[in-house]
Structures are given as structure tokens and as C-alpha cells.
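Participant: Before I ask anything, here is the structure I am working with.
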Amino acid sequence: MIVLDTHVWVWFVSNPELLSKAAKKAINVSIEQKAIFISSISAWEVALLVANSRLKLTIEVNDWIAKSERLPFFQFVPVDNSVAVQSVNLPQPLHKDPADRIIIATAITLAAPVVTKDEKLSDYPHVETIW
């Protein structure tokens, strides 16, 4: 069981060659378990990146997300009240990016590592990361 950071989700679907060996291994194991979790905040992040021309997809963002939702090994996790509050109350040090905080809170709630290349998250001592 793993939680994907937003960029890892995008890379896995669109540019898997950008993933590290450890990330690919963790993803492949979790595919077999049908246990790859993605916070719904990542859908918001992808849509925002596309809207701000910071990410280009080959299809419309709604269709891209819908295709991901149909993959049997992805499970999208809504941002519920517990995760929202936990994201605010995470132990320091952690930067203030709300999406990253929600992804971390989701991983802690699920007791799962986060697959991420983001050093700010990798350096955070309160969650396991894979890269």
C-alpha cells in the first residue's frame, strides 16, 4: 500500500521513465495488491497545473483524471474532515503547501508511505517516503 504524490501520479501515467527504480518497484507491488492511493487534492493540483499552463496533457484534464479513476489499482481518497484537520496539525518542521500537507495527512491516516521525489517531503521525519 502506497500513497502517490501528485507528480508521481502524473509521471506514472504519462512519463513512467521519470520514476526511480524504487518508485517503480513500490508501484508494481502495489498494483498487484490494488493498493495505490491518491488523495483527491492531487486531482485539484493536476487541474490547477493544467489551467496555469504548467502541465500539458494529451487529453482534457477531466478525461485524464477519469481514465486514472478507471484503473483498478488506483483508489482515490477524499479529503475528509479528519484529514483536513490533521493536515493543519502535523508536527513541524513541514512547509506550508496545503496539498503536500493533505497528502502527508492522508498517508499518516492510511499508515502508508508516500512515493515522492519532493525533498521537502522526503526530509519530513513523520512519514515514510519512497524514491
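Bear in mind that the values in this text are calculations on the coordinates, not laboratory data. Values in this document were obtained by computation on a predicted structure and should not be read as measured data. Quick reminder, even Gly has a Cβ in these numbers, built from the backbone with ideal geometry, and neighbours come from all protein chains shown.
Participant: Go through (1) surrounded by 15 or more Cβ atoms within 10 Å (Cβ to Cβ); (2) under 23 Å from ILE130 (Cβ atoms) one by one and return the number of the condition PRO72 breaks.
Facilitator: Failed condition: (1).
Participant: Would you kindly identify the helices (runs of 4 or more DSSP H) lying entirely within the range 72-131 that contain at least 2 residues that are within 17 Å of TRP11 (Cβ to Cβ)?
Facilitator: In the range 72-131, 98-110, 119-122 are the helices (runs of 4 or more DSSP H) which contain 2 or more residues that are within 17 Å of TRP11 (Cβ to Cβ).
Participant: Cβ contacts < 9 Å: first residue in contact (Cβ under 8 Å) with a residue 60 or more places away in the chain and at negative phi, restricted to the range 10-24; second residue surrounded by 14 or more Cβ atoms within 10 Å (Cβ to Cβ) and part of a helix (DSSP H, G or I), any location; separation 6+ or different chain. Result?
Facilitator: ALA23/VAL8; ALA23/TRP11; ALA23/PHE12
Participant: If you take the residues in the range 52-66 that are buried (at least 16 other Cβ atoms within 10 Å of the Cβ) and not in a loop (DSSP other than H, G, I, E, B), which one is nearest to the chain's Cα centre (by Cα)?
Facilitator: ILE65
Participant: Shifting gears a bit: Does at least one position in the range 38-51 carry a residue that is touching a helix residue (DSSP H, G or I) at 6+ places or on another chain (Cβ under 8 Å), among the β-branched types (Val, Ile, Thr) and loosely packed, with under 11 Cβ neighbours inside 10 Å?
Facilitator: no
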